[in-house]
Amino acid sequence: MVSPKYMVVLLFALTACPAAEHDAVITVNPTQIVGKVNPLIFGNNQLAYPGRPEYAKYGSGLWDPDKRAPVPEYVALSREAGITIQRWPGGCIAHNYNWKKTVGPLSERPDMLWGLPEFMTFCEASGALPLITLAVYWGDQNDAADIVEYLNSPVGKNPNGGKDWAAVRAADGHPQPYGVVYFEYGNEDYHGEHKTAQNPNPRKITAEDYARRYLQYQAAMKAVD
């Protein structure tokens, strides 16, 4: 039953909106060209949740872990649908996503068989550009520089020091750089981390801190490529 106070609001809302005096008419002119459509709006989100086999092993059906290859039917469907860009790892899992656990020998990442190199293989097979989402609540600008090195640096170059990530990529089966150009810093990070039993006090980043860190990430990544 609606309480009186809500009923008053409802009645006010109804009486405050007079009926339209004229019918609206929308006319579509299919021959008029308004402007070009950016083909990169036709994208898709590929989830890579660790510990969940449907994502971490099979890539939501895109990946055959036994053949270590994309599923041909999904490659064909992606091309037929005109998908031009694929986003990884997708969704709020990106808040704390450690991409370094998704590369290297499969024996060292048995719960992440659909990792970064597998995603990149699917992108190449389907003709889509990759869009990489970087974590806001894990790592720092050096980890962002490292992923650029993994994806884009020639073997033998190690501009950020530490581990030679280009050599890791080569060992993953792709000696040539991928040449990735699209990255994004975070996914809906204004609402903060998700509260769970393991994380009872989730963090939340301020707009000022996000902007400051964004510039640090940008500078570190562009220094690599």
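Checking each residue in the stretch 193-202 for being touching a residue at least 24 places away in the same chain (Cβ under 8 Å) and open to solvent by less than 90 Å² (accessible area, probe 1.4 Å) picks out only 193. Checked against (1) open to solvent by less than 30 Å² (accessible area, probe 1.4 Å); (2) over 19 Å from the mean Cα position of the chain (by Cα); (3) not charged (D, E, K, R), residue 159 passes all but a single condition, namely (1). Looking across the stretch 95-142, the residues that are in a strand (DSSP E or B) and farther than 17 Å from residue 193 by Cβ come down to 129, 130, 131, 132. Restricting attention to the stretch 73-124, the residues being open to solvent by 10 Å² or more (accessible area, probe 1.4 Å), more than 16 Å from residue 168 (Cα to Cα) and hydroxyl-bearing (Ser, Thr, Tyr) number 3.
Does any residue in the stretch 53-67 that is farther than 13 Å from residue 119 by Cβ and without any contact (Cβ under 8 Å) to a residue 60 or more places away in the chain come within less than 7 Å, Cβ to Cβ, of a residue that is outside any loop (DSSP other than H, G, I, E, B) and open to solvent by 10 Å² or more (accessible area, probe 1.4 Å) six or more places away or on a different chain, and which pairs are these? Pairs found: 54/60; 61/74. So, residue 69, is that one within 24 Å of residue 96 (Cα to Cα) and modelled with pLDDT of 90 or more or not? Spelling it out, it is not the case that residue 69 is within 24 Å of residue 96 (Cα to Cα) and modelled with pLDDT of 90 or more.
Yes or no, residue by residue, for (1) closer than 23 Å to residue 90 by Cα; (2) at pLDDT below 95; (3) among the aliphatic types (A, V, I, L, M); (4) open to solvent by 30 Å² or more (accessible area, probe 1.4 Å):
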site: 144; (1), (2), (3), (4): yes, no, yes, no
site: 148; (1), (2), (3), (4): yes, no, yes, no
site: 151; (1), (2), (3), (4): yes, no, yes, no
site: 163; (1), (2), (3), (4): no, yes, no, yes
site: 182; (1), (2), (3), (4): yes, no, no, yes
site: 204; (1), (2), (3), (4): yes, yes, no, yes
site: 211; (1), (2), (3), (4): yes, no, yes, yes
site: 214; (1), (2), (3), (4): yes, no, no, yes
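Restricting attention to the stretch 143-165, and to residues there that are among the small types (Gly, Ala, Ser) and either part of a loop (DSSP other than H, G, I, E, B) or touching a Leu at 6+ places or on another chain (Cβ under 9 Å) (or both), which single residue is farthest from residue 190 (Cα to Cα)? Going through the qualifying residues, I end up with 156.
Pairing each residue of the stretch 204-225 that is of a type in the set (Phe, Trp, Tyr) with any residue that is surrounded by 14 or more Cβ atoms within 10 Å (Cβ to Cβ), provided the two are 6+ apart or on different chains, yields C-beta distances under 6 Å for 214/185; 217/141; 217/144; 217/185. Tell me yes or no: at least one residue of the stretch 54-64 is within 18 Å of residue 110 (Cα to Cα), open to solvent by less than 80 Å² (accessible area, probe 1.4 Å), part of a strand (DSSP E or B) and at pLDDT 95 or above. For the stretch 54-64, residues within 18 Å of residue 110 (Cα to Cα), open to solvent by less than 80 Å² (accessible area, probe 1.4 Å), part of a strand (DSSP E or B) and at pLDDT 95 or above: present.
How many of the residues making up the stretch 166-194 are part of a strand (DSSP E or B) and not hydrophobic (A, V, I, L, M, F, W, C)? Quick ask: steps written out before the conclusion?
Taking the stretch 166-194 first, the residues part of a strand (DSSP E or B) are 182-185.
This time we only want the ones that are not hydrophobic (A, V, I, L, M, F, W, C), so: 182, 184-185.
Residues flagged as part of a strand (DSSP E or B) and not hydrophobic (A, V, I, L, M, F, W, C) within the stretch 166-194 amount to 3.
The values are calculated or read from the model by the stated rules, or taken from the named source; none is laboratory data. The model shown is predicted, which means the values in this text are computed figures rather than measured ones. Neighbour counts run over all protein chains shown; Cβ positions are idealised from the backbone, glycine included. These area figures cover heavy atoms from the full protein model, side chains too; ligands, DNA and RNA do not enter into them. Shrake-Rupley method; radii C 1.70, N 1.55, O 1.52, S 1.80 Å.
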